[in-house]
1. When you check residue 32 against the structure, is it loosely packed, with under 15 Cβ neighbours inside 10 Å, within 21 Å of residue 1 (Cα to Cα), of a type in the set (D, E, K, R) and without any contact (Cβ under 8 Å) to a residue 40 or more places away in the chain, yes or no?
2. Being in a loop (DSSP other than H, G, I, E, B), of a type in the set (Val, Ile, Thr) and exposed (fewer than 14 other Cβ atoms within 10 Å of the Cβ), is that true of even one residue in the stretch 74-91?
3. Kindly indicate which of 17, 35, 30 is among the acidic types (Asp, Glu) and farther than 23 Å from residue 79 by Cα.
4. Filter the stretch 1-59 down to the residues that are among the charged types (D, E, K, R) and on the phi > 0 side of the Ramachandran plot and list them by number.
5. Every residue in the stretch 2-18 that is of a type in the set (Val, Ile, Thr) and closer than 11 Å to residue 48 by Cα, please.
6. Name every residue in the stretch 1-20 that is under 25 Å from residue 61 (Cβ atoms) and buried (at least 18 other Cβ atoms within 10 Å of the Cβ), in order of residue number.
7. How many residues are in a helix (DSSP H, G or I) and either touching a residue at least 40 places away in the same chain (Cβ under 8 Å) or among the basic types (Lys, Arg) (or both) if we restrict to the stretch 42-63?
8. Cβ-Cβ under 6 Å, sequence separation 6+ or interchain: first residue in the stretch 78-91 and on the phi > 0 side of the Ramachandran plot and among the acidic types (Asp, Glu), partner at pLDDT below 75 and surrounded by fewer than 14 Cβ atoms within 10 Å (Cβ to Cβ). Which pairs?
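The values are calculated or read from the model by the stated rules, or taken from the named source; none is laboratory data. Worth saying up front: this structure is predicted, and the values here are computed from it rather than measured. A quick note on method: Cβ atoms are made from the backbone with ideal geometry, for glycine too, and the neighbour counts reach across all protein chains shown.
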Amino acid sequence: MRQLRLERGETQRQLAEAVGASESAIANYEAERREPEAAILLRIAARYGVSSEYLMGLTDDPRRQKDLPPGWEQVLTEAARHHMSPDEVTALIRQVGEFIQKRRGDS
């Protein structure tokens, strides 16, 4: 996050004001003393045009997942914040699919 901010010539205060966080919160995020809430993380990712997974260090690919339906980037962000592995996320998605199929069958 710090690198992205500096590349764009922004101060911590400017980023904080833009995403609705305090300057000290931004400093803590950059120093990895705190993790941002999902909403703040998504705002930072949107501001810099990168994925939240990239900001969290889960991938080296900064590209955003433009093909995700609305809201799903936040779901993946929350999964990452709870330290779910990719296999756990895949299993969760499979369970959601099974739930949807079962619900459609009950209708």
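1. Criteria met by residue 32.
2. Scanning the stretch 74-91 turns up no residue that is in a loop (DSSP other than H, G, I, E, B), of a type in the set (Val, Ile, Thr) and exposed (fewer than 14 other Cβ atoms within 10 Å of the Cβ).
3. Exactly one residue qualifies, and that residue is 17.
4. Filtering the stretch 1-59 for residues among the charged types (D, E, K, R) gives 2, 5, 7-8, 10, 13, 17, 23, 30, 32-35, 37, 43, 47, 53.
Of everything in the stretch 1-59, just one residue is among the charged types (D, E, K, R) and on the phi > 0 side of the Ramachandran plot, namely 32.
5. None - no residue of the stretch 2-18 is of a type in the set (Val, Ile, Thr) and closer than 11 Å to residue 48 by Cα, so the list stays empty.
6. Result: 1, 4, 5, 15, 19.
7. Matching residues across the stretch 42-63 total 5.
8. Short answer, once both residue conditions are applied: none.
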